[in-house]
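Have a look at the structure below, then the notes.
The values are calculated or read from the model by the stated rules, or taken from the named source; none is laboratory data. In this text the structure is predicted, and so the values were computed from the model without any measurement. When we count neighbours, we look across all protein chains shown, and the Cβ atoms used for this are built from the backbone with ideal geometry, even at glycine.
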Amino acid sequence: MKNMGRSSLKIASWAGCIAALFLVTTSLCAEEESASGGKALSLLDCYNLSLIRMETIAIDAQRIKEAEAHFLQAMAILMPFVSFVSNDGYIDTHRATNIDDVAQSHAYVRKFTFQQEIFSGFKDFAAMNASRYEKKQRQKEKERAEQLLFGDVSDSFYLFLQQQEDLVALQSVEKDLTDRIGELNKRIELGRSRKSEVAMVRVQVYSVQAELESIKSQRDLARELLEFYTGVPIQRVAEPKDILASIEPINYYSTLARKRADIIAAQNATEAARSNVQVAQSGYLPTVDLLGNAFAARNIEPKKANWDALISVNVPLFQGTQVLGNVKQARAIEEENRLQWELKDRQSQTEVQEAYTALRYSLKRREFLNKALDAAGENYDLQRRDYEHNLVSNLDVLAAIQSLADAWRSLIQATSIAKRAYWQLWVASGQTIKDQPR
């Protein structure tokens, strides 16, 4: 573009504006930084804050601790139970005639008791194995929750960024319309324009000011949503680089999705359920326990015994249908988890395909809107020059301004949609901004 008038929409600086269309202008950033007293937050900053803030991630962390507790409970079966027992027995002997009866009026035993499970149908090993898989499942569920949280944060981040940049565009339009009123007043004094032309521009100025208030309201709502995720006051956000510079082929994202955290979590849930089937089946097998006592003191027969031991064998013969029911339930849960695993694997590929398609068409739309902005800028420049030579009316110039503003704002919106689609593709493939190469 060339020969831009000073009352244009900063046409002389469009090349820079388009190159960094979604960065707030330097002067506005400086003013807001002074007002907020801090730097603009990046998407990574907001995501890191949300990981600390959000209760859903903290809940998943507690579930991991629950799985660790289940492992300790299962492992306890392999260890002996030791306790100290003190028994005292008293008998009424006030009518006793035998001296031996009087001597036995108080019987006591002080002993250490040991109990060790020797065989339980491998239930303990199966339970420990299940708890290991449960812990891995909970860890992957937490990882997936963090990825989904990133998707929500990135949406709110770019929504707020879009409103910021939309305000810059509208404020630029407002300023240029105001400048145009000044130029028209000078032309009126020279007899080259009419007062009705000024009134027509004022109509547009008021319309832009009304739209500014609407955008400010949307900006504040977007800010409140982002503050909900981050837990900190936010004045402005900024993006350090253009994330749309390079997009990988869809096979790249599909391959990543095969290893997505929720798929691995479903796999671990299936393995845990399979181990629980073995736990249920152990109800058919006998159990062997060893019980022992080490006597510290006793006054009952045999008084000189220091210890005793008992091996207990329990062979289940009939327990109704309880064990059968437990086994059938465990197998049903295993099959249910296996189907969930397969479903999540197929869903991941569908989500990647949908996200990739949305991104691809968003990029095409953005490309055409970029060209539309260039054409609108050229049209506005030509209309201004023709107006100066009385070849077109003021209405034609105002229409060119409106066309230019619409193209600019449409490009802002399209770029925001494309960037949100880009990060949704990363989330669909099981990644976040922390997994992206720097």
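Can you tell me how many residues within the range 91-123 are surrounded by 12 or more Cβ atoms within 10 Å (Cβ to Cβ), modelled with pLDDT of 70 or more and among the hydrophobic types (A, V, I, L, M, F, W, C)?
6
Taking the conditions exactly as written (surrounded by fewer than 13 Cβ atoms within 10 Å (Cβ to Cβ) and among the β-branched types (Val, Ile, Thr)), does VAL208 satisfy them or not?
no
Quick one: in the range 40-61, of everything that is touching a strand residue (DSSP E or B) at 6+ places or on another chain (Cβ under 9 Å) and surrounded by fewer than 18 Cβ atoms within 10 Å (Cβ to Cβ), which residue is nearest to LYS434 (Cα to Cα)?
For the range 40-61, the residue satisfying everything is ASP45.
Can you tell me which residue among SER348, SER362 is in a helix (DSSP H, G or I), under 23 Å from the mean Cα position of the chain (by Cα) and more than 25 Å from ARG202 (Cβ to Cβ)?
None of the others qualify; the one that does is SER348.
Give the residue that is farthest from ASP124 (Cα to Cα), with candidates limited to residues of the range 249-291 that are acidic (Asp, Glu) and modelled with pLDDT of 90 or more.
Here the residue is ASP262.
Would you check if ALA372 is under 30 Å from ILE264 (Cα atoms) and of a type in the set (Gly, Ala, Ser)?
no
On the given criteria, is ALA169 more than 23 Å from VAL392 (Cβ to Cβ), small (Gly, Ala, Ser) and buried (at least 16 other Cβ atoms within 10 Å of the Cβ)?
Against the criterion (more than 23 Å from VAL392 (Cβ to Cβ), small (Gly, Ala, Ser) and buried (at least 16 other Cβ atoms within 10 Å of the Cβ)), ALA169 qualifies.
Please tell me if GLU213 is closer than 30 Å to PRO240 by Cα and exposed (fewer than 13 other Cβ atoms within 10 Å of the Cβ).
Taking the combined requirement at face value, the residue satisfies it.
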